[in-house]
Amino acid sequence: MTLIGAVTDTQDGELTGDSLVWTSNLVGEPLGTGEGPFSVQLPLGKHMLTLTATDSDGNTNSRTVKVWVKDEL
């Protein structure tokens, strides 16, 4: 799976690098940081993939999508 995201803050402009963190509810550590694109291998299951952005004031906001990784038939 390829992850890519874009975040803009009204005061800071475009957020990049360590200010963006990708996580999954089924993986114990972050999937990556930054806007991507980068590829990840996810284990089987119903994932809630979240991109969390943090601005220079420490404010955060997140967006989540549901992804179901299953065996091929």
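A few remarks follow.
- Directionally averaged projected area (convex hull, Cα atoms, the chain), nm²: 5.0 nm²
- Rounded percent of accessible protein surface that carbon and sulfur make up, the chain, 1.4 Å probe: 50 percent
- Calculated accessible area for the chain comes out at 71 Å² per residue, all protein chains present (probe 1.4 Å; ligands, DNA, RNA ignored).
- Structural descriptor for the chain: relative contact order 30 percent, calculated from alpha carbon pairs under 8 angstrom and at least 6 residues apart.
The values are calculated or read from the model by the stated rules, or taken from the named source; none is laboratory data. Owing to the predicted nature of the structure, the values given are computational and were not obtained by experimental measurement. With ligands, DNA and RNA removed, areas are computed over all heavy atoms of the protein, side chains included. Shrake-Rupley method; radii C 1.70, N 1.55, O 1.52, S 1.80 Å.
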